[in-house]
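What follows is a single structure, written as structure tokens, with notes after it.
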Amino acid sequence: MEPTVDLKTAKDHGLSEEEYQQITEILGRTPTFTEIGIYSVMWSEHCSYKNSIAQLKTLPREGPALLAKAGDENAGAIDIGDGLAVVFKIESHNHPSAVEPYQGAATGVGGILRDIFTMGARPVAVLNSLRFGSLENPRVRYLFDGVIRGIGDYGNCFGVPDIGGEIYFEDAYTGNPLVNAMAVGIAKHSELVSAVSKGTGNVALIVGSSTGRDGIHGATFASEELSEKSEARRPSVQIGDPFTEKLLLEASLEIIRKKLLVGIQDMGAAGITCSSSEMSAKGKSGMRIDIDKVPVREEAMTPYEIMLSESQERMLVVCAPENIAEVKKIFEKWGLHAVEIGSVIDGGQLIVNSNGGKVADIPADSLVLGGGAPVYIRQQKRPDYLDKHQKFNLMSVPAAGDMNEALEKLLASPNIASKKWVYQQYDTSVRTSTAVGPGSSAGIIRIRKTDKALAVSTDCNGRYCYLDPRQGAKIAVAESALNVAVSGGRPVGVTNCLNFGNPHDPEIYYQFAESVAGMGEACAAFETPVTGGNVSFYNEDPERAVYPTPVIGMVGVIENTSHITTISFKEAGHHIYLIGQTKDELGGSEYLKTIHNKVTGKLPLINLENHKKTIDLILELIRSKIVLSAQDISDGGLAVALAECCFPNGIGAQLTLDVGIRPDSLLFGETQSRVIFTAAPAGAITIENIAAKYDLPVQKIGTTGGPDLKINELIDMPVAKLRRGYEGAIPAYMESVIKT
Amino acid sequence: MKIGIVVFPGSNCDYDAYQAFKLIEGVEVNYLWHGSDNLNSSDIIVLPGGFSYGDYLRSGSIARFSRIMKKVVDFANGGGYVIGICNGFQILLESGLLPGAMMKNSNLRFVCREVVLRVENNNTRFTSAASVGQLLRMPVAHGEGNYYADPGVISELELSGRVIFRYVNPDGVVTAQANPNGSINSIAGIINERGNVMGMMPHPERACELILGSADGLNIVKSLCETTT
């Protein structure tokens, strides 16, 4: 017998009194226990976007090349020519990773991969955007190590290359790390499939793993703040099985290729509940599920548990009765279940039967985003701290005495230091299409049977977004677009992962709304529509909320693989050029934080129109085949960017920069829309001619060569020495993990 | 020339091996299903990389019991050519077609990076297109690649020229730093006594095109495809 339901039951499930009222009105009666479970997960922030959708709708979501728009399918899809589509999405797994880093991160990767192949696309790359507290903290090192192992073990076994991402370390993420995983896939247009259920009499099958008690209420867990009690939520964390996922991939793509199905959706958050209700609502049909038929791996599971389980590596497939045998045969070949658990019915009800009785009978549409799920516009209040930072007088900060020492320190700060220790634990070359792996501006995957390649980057400076949410979000989009462009790609679309604190706090909601607004402006300016993504609220530990962190995943198309450009200086004697003009802009910089221990100040300005021109200029230069290396300037400024160009081939450089601003601004300021690139001396005239069309400052600032990096009279350091600090910083922290 | 690439559940470099052999003109490449016992009259069998059966136990320990492996063992015992790459090497060790065992990498972490291999013996069907002492760049990607065998076996391998590849630095010198996994004597690949079964941890199939950073792996692919028996 199921427990009886009252308001307290609803509140225990995280529903508000008004929401409980609404549910009883929709049903016209008191909900059953299974039903209250279903509503609680479907109306959780994680599934319903109830606190964010009003803002998200303001983002630019249209574009001529879009094949699947934000919210329409499991992931966005963009036409890239040759009958192919790129399918991509980013998603968070922050809360699970905070309590169980290995499985939390692993299942984050698993979930995003399913979102891609459930569309009919084969995953070709993953990226990770990660944020932790300071590595000085032993628990942070434990979380960091577990997350890296979890990501690696899952992706390595599944067989998808990791091509990049970003990792930041800031105190704001101490108790609540951010673990965002992005996946990119390629599909033929003709093989894109939909997450829809329709056609009365068609059959619903559960395929993949059996269902256990893991991950029950994972979606609800993701929709509350972390606290001392969170440790008790460990059972809400799912357990990953990348081997089964690999089999599920092959079997799913096989039934898709053979056109045996009506629709397919993965079971991520809220498991069977979410897939069945979303597919039915989309197809404007109903579904009857016989819950007793679901293959389970634990004894005496109740309908409530089965409906809410978030066991991994499962899909819901809807197909015509005549195709059942063939679908089953294919899954059997791959050693997986394919079991009929329900059928498509007239009307719009989601009916769950068990043991001859009915445990749920709900209008599917009432559960989902865009249907009956509530929509809230929360209170906003501009936080007072913003003014304090805006007014901060940079003149009160003296320039560092020894710029050589400052550069060494910056290169060894974990935010800037080499992440090789991390990405050497990821398979970066499986599938033999990785043209550029982690460590450059963007990861690059060539597209077989075409001349094209994809350039992908994830970006967000959370410190910026904390100091100025709107401008910080603009800069996140701008930086990701420029990362793609300096790699030779035209930015074509964005996926976003919006990581914020508790939306009921008006100051947090202000950060959220402002960030979305800034992101929208920038995406519109660069003509890169938002194709979907994920919102993660409640990222708070008992001490604080995380920095507002709207991560951008940008995808670009490289028209010809000969345009692929990396950051490394190629040989001595090349000319180094700078696009853009360095200004006195140190606010929010890594320099201010690392050298002066200050997180404050006005952010560097971003002029979106200028930035777009910078993107167009570097792309034209690259396409004219005179660019030998290119690098955008971001965290750590010009000096750090130059050092990073020196490292891969151990080639130094001599530079003469115009003075007239503070020396630390010159070297470490983070003025936007700047690019350094190299060319052979013979390219000078062509560069001048092309640059003249853009009305942007482009100047030769130096020459490559020698063992040292020399900038004016300010910097004179052996590249090898700088590189040792850059590469040694993170291993120095993490080797202590092994020792203790 | 017919190449047969075995597909185990969890193989994930089968496709890469397929693409690499397809680069050689006139070569027929087929996949062989683990549950079958038909080798499709292949001239050369490739056991590819990946995580066969998930490798939740010791790597390769379940794959050796698969239906097709009985046929592969017969094929090898009859003198047929078999190359095992990464997980394929681990399966060859588990099957007893090659001596020794793999331990976890010495740093206990998965490692994926480019390594430099020195060709120690080119008088084999697998390395005839290379020269002795030639340096080949290609990636490794594994968690259990720390090759071990007892001292008697190692000395026999060394003395009989059955160590085919060694991890070295870019100058061709054996160093601890150049060894990605702690393998004894920096061994990266070995061959059986008869000279028809070779296993290697690095991935030649991932280094057959310049766009991937190296085409040195072609030395091995070409050796296999061009030699006539």
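The values are calculated or read from the model by the stated rules, or taken from the named source; none is laboratory data. Everything numeric in this text was worked out from a predicted model, so none of it was measured. When we count neighbours, we look across all protein chains shown, and the Cβ atoms used for this are built from the backbone with ideal geometry, even at glycine. With ligands, DNA and RNA removed, areas are computed over all heavy atoms of the protein, side chains included. Shrake-Rupley method; radii C 1.70, N 1.55, O 1.52, S 1.80 Å.
How about segment A:126-157: which of its residues are outside any helix (DSSP H, G or I) and within 14 Å of chain B (Cβ to nearest Cβ)?
Correct list: A:126 only.
May I ask you to verify whether residue A:641 is within 33 Å of the chain's Cα centre (by Cα) and part of a helix (DSSP H, G or I)?
Judged against the criteria, residue A:641 is a match.
Quick check on segment A:670-679. Is at least one of its residues part of a strand (DSSP E or B), among the small types (Gly, Ala, Ser) and within 28 Å of residue A:475 (Cβ to Cβ)? Break it down into steps so the answer makes sense when it comes.
So the first thing to find is which residues in segment A:670-679 are part of a strand (DSSP E or B), and the list is A:675-679.
Now drop any that are not among the small types (Gly, Ala, Ser), which leaves A:679.
From what is left, the residues that are within 28 Å of residue A:475 (Cβ to Cβ) are A:679.
Yes, there is a match, as at least one residue in segment A:670-679 is part of a strand (DSSP E or B), among the small types (Gly, Ala, Ser) and within 28 Å of residue A:475 (Cβ to Cβ).
Can you tell me which residue is surrounded by the fewest Cβ atoms within 10 Å (Cβ to Cβ) among those in segment A:326-356 that are polar (S, T, N, Q) and farther than 17 Å from residue A:262 by Cβ?
Step by step, filter segment A:326-356, then rank; the result is A:355.
Residues in segment A:112-124 that are outside any helix (DSSP H, G or I), away from every other protein chain (no Cβ under 14 Å) and of a type in the set (A, V, I, L, M, F, W, C): how many? Outline the logic, then answer.
The first filter runs over segment A:112-124 and keeps only residues outside any helix (DSSP H, G or I), leaving A:118-124.
Then drop every residue that is not away from every other protein chain (no Cβ under 14 Å), which leaves A:118-121.
Retained after the next criterion (residues that are of a type in the set (A, V, I, L, M, F, W, C)): A:119, A:121.
Number of matching residues: 2.
So is residue A:671 modelled with pLDDT of 95 or more, among the polar types (S, T, N, Q) and over 30 Å from residue A:601 (Cβ atoms) or not?
no
Kindly indicate which of A:521, A:571 is open to solvent by 10 Å² or more (accessible area, probe 1.4 Å) and part of a helix (DSSP H, G or I). Full working, then the answer.
Numbers: A:571 fails: part of a helix (DSSP H, G or I).
The unique qualifying residue is A:521.
List the strands (runs of 3 or more DSSP E) inside segment A:52-111, counting only whole elements, that have at least 1 residues being within 14 Å of the chain's Cα centre (by Cα) and modelled with pLDDT of 95 or more. Spell out the reasoning first.
Numbers: elements: A:66-68, A:76-79, A:84-92.
Filter on segment A:52-111 gives A:84-92.
For segment A:399-407, does any single residue satisfy the condition of being away from chain B (no Cβ under 14 Å) and in contact with a Gly (Cβ under 8 Å, 6 or more places away or on another chain)?
Step one: list which residues in segment A:399-407 are away from chain B (no Cβ under 14 Å), which gives A:399-407.
Of the ones still in play, those that are also in contact with a Gly (Cβ under 8 Å, 6 or more places away or on another chain) are none.
No, every residue in segment A:399-407 fails to be away from chain B (no Cβ under 14 Å) and in contact with a Gly (Cβ under 8 Å, 6 or more places away or on another chain).
Out of segment A:621-638, which residues are assigned to a helix (DSSP H, G or I), closer than 20 Å to residue A:693 by Cα and open to solvent by less than 50 Å² (accessible area, probe 1.4 Å)?
Passing the criteria: A:621, A:622.
What's the number of the only condition in (1) surrounded by fewer than 19 Cβ atoms within 10 Å (Cβ to Cβ); (2) part of a loop (DSSP other than H, G, I, E, B) that residue B:105 fails to meet?
So residue B:105 meets the others, but not (1).
Under 8 Å by Cβ, and 6 or more places apart or on different chains, what pairs join a residue from segment B:123-141 that is at pLDDT below 95 with one that is open to solvent by less than 20 Å² (accessible area, probe 1.4 Å) and assigned to a loop (DSSP other than H, G, I, E, B)?
none
Considering only segment B:7-66, how many residues are more than 14 Å from every other protein chain (Cβ to nearest Cβ) and of a type in the set (D, E, K, R)?
6
With the structure loaded, tell me whether residue B:133 is among the small types (Gly, Ala, Ser) and open to solvent by 20 Å² or more (accessible area, probe 1.4 Å) or whether it fails that test.
In short, yes.
Restricting segment A:644-664 to residues that are of a type outside the set (S, T, N, Q) and part of a strand (DSSP E or B), which is nearest to residue A:569 (Cα to Cα)?
The extreme case among them is A:653.
Sort out for me the strands (runs of 3 or more DSSP E) sitting completely within segment B:1-53 that have 3 or more residues that are open to solvent by 30 Å² or more (accessible area, probe 1.4 Å) and over 15 Å from residue B:218 (Cβ atoms). Write out each step before concluding.
Values: elements: B:2-7, B:28-33, B:44-47.
Strands (runs of 3 or more DSSP E) meeting the threshold: B:28-33.
Quick grid of which residues meet (1) at pLDDT below 95; (2) open to solvent by 20 Å² or more (accessible area, probe 1.4 Å); (3) among the aromatic types (Phe, Trp, Tyr):
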residue	(1), (2), (3)
A:212	yes, no, no
A:229	yes, yes, no
A:233	yes, yes, no
A:239	yes, yes, no
A:244	no, no, no
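Pick from segment A:197-250 the residues that are hydrophobic (A, V, I, L, M, F, W, C) and in contact with a strand residue (DSSP E or B) (Cβ under 6 Å, 6 or more places away or on another chain): which of them is nearest to the other protein chains (Cβ to nearest Cβ)?
Ranking the candidates gives A:248 first.
For residues that are aromatic (Phe, Trp, Tyr) and in contact with a strand residue (DSSP E or B) (Cβ under 7 Å, 6 or more places away or on another chain), scanning just segment A:416-444, find the one that is farthest from the other protein chains (Cβ to nearest Cβ).
Going through the qualifying residues, I end up with A:423.
Give the residue that is surrounded by the most Cβ atoms within 10 Å (Cβ to Cβ), with candidates limited to residues of segment B:67-87 that are within 14 Å of chain A (Cβ to nearest Cβ) and of a type outside the set (A, V, I, L, M).
Filtering first and then ranking leaves B:86.
Out of segment A:260-307, which residues are open to solvent by 40 Å² or more (accessible area, probe 1.4 Å), within 17 Å of residue A:365 (Cβ to Cβ) and in a strand (DSSP E or B)?
The one that is open to solvent by 40 Å² or more (accessible area, probe 1.4 Å), within 17 Å of residue A:365 (Cβ to Cβ) and in a strand (DSSP E or B): A:288.
Does segment A:540-548 contain at least one residue that is part of a helix (DSSP H, G or I) and open to solvent by 10 Å² or more (accessible area, probe 1.4 Å)?
There is no residue in segment A:540-548 that is part of a helix (DSSP H, G or I) and open to solvent by 10 Å² or more (accessible area, probe 1.4 Å).
Please go through segment A:456-513 and pick out each residue that is aromatic (Phe, Trp, Tyr) and assigned to a loop (DSSP other than H, G, I, E, B).
At the first step, the residues of segment A:456-513 found to be aromatic (Phe, Trp, Tyr) are A:464, A:466, A:500, A:509-510, A:512.
A:500, the sole residue that qualifies.
Look at segment B:179-215 and say how many of its residues are within 14 Å of chain A (Cβ to nearest Cβ) and of a type in the set (A, V, I, L, M, F, W, C).
7
Please go through segment A:188-242 and pick out each residue that is touching a residue at least 24 places away in the same chain (Cβ under 8 Å), of a type in the set (Lys, Arg) and more than 28 Å from residue A:68 (Cα to Cα).
A:213, A:233, A:234
Considering segment B:159-178 alone, what residues qualify as being part of a loop (DSSP other than H, G, I, E, B) and either modelled with pLDDT under 95 or not β-branched (Val, Ile, Thr) (or both)?
Matches in segment B:159-178: B:160, B:161, B:162, B:169, B:170, B:171, B:172, B:176, B:177, B:178.
Kindly indicate whether residue A:142 is open to solvent by 10 Å² or more (accessible area, probe 1.4 Å) and either farther than 25 Å from residue A:246 by Cβ or modelled with pLDDT of 95 or more (or both).
yes
Pairs needed: first member in segment A:1-22, within 19 Å of residue A:367 (Cα to Cα); second member anywhere, small (Gly, Ala, Ser) and surrounded by 14 or more Cβ atoms within 10 Å (Cβ to Cβ); C-beta distance under 6 Å; at least 6 residues apart or different chains.
Filtered contacts from segment A:1-22: A:13/A:40; A:14/A:40; A:15/A:40; A:20/A:10.
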